[in-house]
Every structure is written in structure tokens, then in C-alpha cells.
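Undergrad: The structure follows.
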Amino acid sequence: MARRGFEPLFQAWNGEWLDPSDVIHRIQEAFAEVGYRWVTSHVFGKTVGLVLDEADLPLSAIADQLGHTQKVADKHYRKRRVANDASAEALERMFDEEPAR
């Protein structure tokens, strides 16, 4: 039986843990029933990656949570950052200045 505080969210008929693929199917059925058929496990993963990235967690923590390598997590789940603040500021000022005549 499950330890206290670690009870399964979706239980099998006997109260034990369900197989992960069964859980995914139940979640998909629940979302479809309320009109959110577009929500998939990929959407959940993308959301988790974004939330962890915006919380400034290290790339290794994001990759571990998602079950990916750091390279995959960096490529698919992290937002792009400014590589150089001075360059970004110069480019932003370009749109603020009057054109040369």
C-alpha cells in the first residue's frame, strides 16, 4: 500500500498505483470531457519547463524534472535570453533615434 502522503492520484480498482500509460489516458479523457482536448502530456511538459525556467532554476534541474538531457531542455524548454546587454540596448536605441538626413 502507498505510504502516507504518497497516495496515488488515480488509483486502480484495488487502490494500488496505476500504470503511467493508464494515467495519461484518464487525464486525456478528463480534459476531453470538459472541452480541453488540446491539452496533452507535451503541453504539461512545456508548461513545467517554462515555469521552472522563469523561476531561474538551473538547466540541470529543469532537465532532471523533465527527464531530458540538458541539451534537449535548453533547446526546447528554455526561453531565449539576451546574449549581450550592451548590444541589445544599442539595437533598441536604433528605433528611438531620428533617421539621419
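Undergrad: Kindly indicate whether any position in the range 42-52 is more than 22 Å from Ile24 (Cα to Cα) and among the hydroxyl-bearing types (Ser, Thr, Tyr).
TA: Scanning the range 42-52 turns up no residue that is more than 22 Å from Ile24 (Cα to Cα) and among the hydroxyl-bearing types (Ser, Thr, Tyr).
Undergrad: Please find, within the range 30-65, the residue that is farthest from Phe10 (Cα to Cα) out of those that are out of contact with any helix residue (DSSP H, G or I) (no Cβ under 9 Å at 6 or more places or on another chain) and of a type in the set (A, V, I, L, M).
TA: Ala55
Undergrad: Another question about this same structure. Residue under question is Pro20, and the condition is that it be without any contact (Cβ under 8 Å) to a residue 60 or more places away in the chain, touching a strand residue (DSSP E or B) at 6+ places or on another chain (Cβ under 6 Å) and under 30 Å from Thr69 (Cβ atoms); does it hold?
TA: So Pro20 does not fit the description; no.
Undergrad: Same structure, new question: Would you please name the residue that is modelled with the lowest pLDDT, looking only at residues in the range 49-96 that are among the polar types (S, T, N, Q) and outside any loop (DSSP other than H, G, I, E, B)?
TA: So, considering only residues that are among the polar types (S, T, N, Q) and outside any loop (DSSP other than H, G, I, E, B), the one modelled with the lowest pLDDT is Ser87.
Undergrad: All but one of (1) surrounded by 10 or more Cβ atoms within 10 Å (Cβ to Cβ); (2) among the basic types (Lys, Arg); (3) assigned to a loop (DSSP other than H, G, I, E, B) hold for Lys46; which doesn't?
TA: Result: Lys46 fails condition (3) only.
The values are calculated or read from the model by the stated rules, or taken from the named source; none is laboratory data. Values in this document were obtained by computation on a predicted structure and should not be read as measured data. Cβ coordinates were reconstructed from backbone atoms using ideal geometry, including for glycine residues, and neighbour counts include every protein chain displayed.
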